[in-house]
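A short worksheet on the structure shown next.
Nothing in this text is a laboratory measurement; each read-out follows from the coordinates by a stated rule. Note that the structure is a prediction, hence the values are computed from the model and not measured. For neighbour counting, all protein chains shown are included, and Cβ atoms are generated from backbone atoms with ideal geometry for every residue, glycine included.
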């Protein structure tokens, strides 16, 4: 579903902490959200939030792990804003950021049981390379997925600014 409201995607600010913490807690109950928030802040260049009327609706965190490769560590959307295009907008924004930074390959892991997220990533050019057995702390397997940004540059409009 396309987004039909005005929004901004911008870098995370410390004043976003509580809202991001709440989204993190709601989305990922298997770990301490504060620990992850501190980790995310280490990668502030790739830490973006989706803001609508002063409300943080979702966030994405990614980082380069080489000159040409990046990794998406986390993507979460508040349950009230799911299935409205927020995750797609955040994902495309980070992919554009990576592409403009010279990164050509992006990887991520997603829970095998998270079909919605897997579809989102596949729809945006990611392919599943293999399954990481018992990847998550609760023992669930994870899919290792990758995308070639050089191939996606045109098909996903990576050169177009994602803010409306």
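Annotations for the structure displayed:
- Residues 82, 38, sorted so that the one with the fewest Cβ neighbours within 10 Å comes first: 38, 82
- For the chain, share of DSSP beta bridges that run antiparallel, in % to the nearest 5: 90 percent
- Projected label distance in nm at residue 39 and residue 111, using a 7 Å step from Cα toward the beta-carbon: 1.5 nm
- One way to sum up the overall shape of the stretch 8-155 is the equivalent ellipsoid from its Cα gyration tensor, whose semi-axes run 22, 19, 15 Å, largest first.
- In the chain, helical runs assigned H by DSSP with n ≥ 4 each contribute -39500 (n - 2.57); averaged across all residues and rounded to the nearest 500, the mean residue ellipticity at 222 nm is -9000 deg cm²/dmol.
- Sorting the segments 52-62, 11-21, 139-149 by their mean number of nearby beta carbons within 10 angstrom, highest to lowest, gives 52-62, 139-149, 11-21.
- Computed over the stretch 30-92, Kirkwood Rh from alpha-carbon pairs, angstrom: 12.5 Å
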